[in-house]
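Below you'll find the structure, written out as structure tokens, and then a few comments.
Taken together, the values in this text are just the output of simple stated rules run on the coordinates, not laboratory data. Small disclaimer: the values here were computed from a predicted structure and weren't measured. Here the Cβ is made from the backbone with ideal geometry for all residues, glycine too, and neighbour counts use every protein chain on show.
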Amino acid sequence: MQLGYVYKLKPNRQQEVTMNKWLDMLRSQYNYLLKDRNDSYDQAKAPKLGRYCDLRSGGEACPLTCSVSKNYSVGYPWKNSQRNPRRSAYEAQSSSLPTLKKQRPWYKAIHSTVLQQTLRQLDVAFSKFFKGETGYPKPKRRSRFRSFKYAPGQVKLNGDRIYFPGIGWMSFYNSRPIPGGFALKSVTVRRKARGWFVSLQVEDKSVPATPVKDKSEIKPQRVKGCDLGINKLISLSNGRTIANPAKQKSFRRRERRLKLRQKAASRKRKGSKNRGKSYARVASLHERITNKRSAYHWDVANQLVDGTDALVFENLNIKAMKSRCKPRPNENGGYDRNGQSAKRGLNRSISNAAWGELVKKIEVVAAKSGVPVVKINPKHTSQKCPKCHHTSKENRKKEKFVCTNCGHYDDADINGAVNIKLRGLKKLGIDP
């Protein structure tokens, strides 16, 4: 079994300076190796283009070099293996680390596994791109590169103190003790607006993962259909609703405070210390809002999983739901109103609800209890009558559902949750 824990660190001034220097150097190395891969990709197109001249360096590139550096040029491309003599991009760039430390001695201060994990981070970014999961990797700005990682077996724990190689022993807030028998796996140190944090992944192979409930163990009356919304965060098929924290007064008060802080920060002179302090306060408030929302989501996840055999959700394309409206050109060469200004408020509400993060947390809690989470096609779930199965747009009127065929009426969101449950049972192969 694997578990994750996050703790706030208490570094001294010298340790904080060291970690900030590490982040700057690791970011430079990440961007340099990313540029190397980009340049090598351009060289791979050289056989089609012929000899060409690099405008920045002024040097002539020859297609003959492309057989050596198809994916990289930093590092040695060959290894002592007859079966697979060519190194991958990660292996070749990793072999350049000793040379890097000779040419730039200040990189010796960074632990070797931290440097290797940064190269692994770049390699994972390219792997996700080729799988179609993310976009093409881009250079990291200082605000976007805020963490470094240790390999397993490097970090030590002793009560409320933790040892990072190259940095030393450091105290942390031991808010949740790690259970006995678990060993440290990967360790990530992250800088946030309100301090430094460490994420620990622990594992105990002697504790088996909870098996997912079989079809024969699931009772239809203990299956919950969940309809995600904005006015109500979740509407359940049993008639219960869960409030959206974004609609509460405390959340709205923080939003107003955030708006005032952002306006005050934007008026400060660019490059001044006061501007930096103002935006630090904005970031701190952003983090507080995120933490409150995350804590509420974990509480909701535990409520949903408790006393449940299966959970059913709609497979929503949230990114498409928040996309911009298509422009509407008119005959005069201009554009008519397309409703984008009104849709901004809806997009903001969807972002504040954070449906994607909520479902991820529910899946984590459900996996610990062996509760399956099923996702179904959301088409017509809000327009279909669960009694006579009549589907029509006229059935729904804002927050009310009234079937134009049989007269069945209910709350529109709860009616959608009932339809979601029925589809989930059908997907599981269970008779309702």
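Show that you can apply the helix-only estimate: for the chain, add -39,500 (n - 2.57) for every DSSP H stretch of four or more residues, divide by all residues, and state [θ] at 222 nm to the nearest 500. Working shown, then result.
Numbers: 11 runs with 169 residues, N = 432.
When only DSSP H runs of four or more count, the value is -13000 deg cm²/dmol.
Would you kindly state how much longer the chain becomes between residue 133 and residue 243 on full extension, computed as 0.36 nm times their sequence separation minus their alpha carbon distance, in nm to one decimal? Please report the intermediate quantities before stating the final value.
On the way: separation 110, 0.36 × 110 = 39.60 nm, distance 3.21 nm.
In short, 36.4 nm is gained.
In this model, which of 387/426; 319/421; 128/319; 247/277 are farther than 20 Å apart at the alpha-carbon? Don't skip to the end; give the middle numbers.
Values: 387/426 16 Å; 319/421 24 Å; 128/319 18 Å; 247/277 30 Å.
Distance filter (> 20 Å) returns 319/421; 247/277.
For residue 346 paired with residue 272, estimate the spin-label separation in nm (one decimal), with each label point 7 Å from Cα along the Cα-to-Cβ line.
The modelled label-to-label distance comes out at 4.1 nm.
Using the Cα centre as the reference, give the magnitude of the dipole from point charges on the C-beta atoms of the chain (Lys, Arg: +1; Asp, Glu: -1; all else neutral), rounded to the nearest 20 debye.
On the way: 92 positive and 32 negative charges, 465 e Å.
Roughly 2240 debye, rounded to the nearest 20.
What's the angle, to the nearest 10 degrees (0 to 90), between helix 340-353's Cα axis and the longest principal axis of the chain?
Helix 340-353 sits roughly 80 degrees off the main axis of the chain.
Per residue of the stretch 84-91, what does 6.51 cos²θ - 1.76 cosθ + 1.60 with θ = phi - 60° give for ³J(HN,Hα)? Whole Hz please, x for Gly and Pro, Karplus curve as stated.
Once θ is set to phi - 60°, the couplings for the stretch 84-91 become 9, x, 8, 7, 6, 4, 5, 5 Hz.
Need one number: the % of Cα-Cα pairs in the stretch 343-411 sitting beyond the 21 Å mark. Numbers along the way, then the final one.
Numbers: 1225 of 2346 pairs.
Taking all Cα-Cα pairs of the stretch 343-411, the fraction more than 21 Å apart is 52 percent.
Given a 10 angstrom Cα cut-off, can you work out which residue in 14, 116, 383 is the most mobile in a GNM of the chain?
The residue that fluctuates most here is 14.
Relative to the first principal axis of the alpha-carbon coordinates of the chain, what is the inclination of helix 249-266, with its axis defined by its Cα atoms, in degrees from 0 to 90 and to the nearest 10?
The answer is roughly 40 degrees.
Exposure proxy check: 260, 200 ranked by fewest other beta carbons within 10 Å?
With the sparsest Cβ surroundings first, the list reads 260, 200.
Using only the Cα atoms of the stretch 298-369, what are the Rg and Dmax in Å?
18.6, 61
Rg/Rh for the chain: what does it come to with C-alpha atoms and Rh from Kirkwood? Can you show the working numbers first?
On the way: Rg = 27.1 Å, Rh = 26.5 Å.
Taking Rg over the Kirkwood Rh, I get 1.02.
From Cα coordinates alone, what are the radius of gyration and Dmax values for the stretch 242-359 in angstrom?
Rg and Dmax of the stretch 242-359, Cα atoms, are 19.3, 61 Å.
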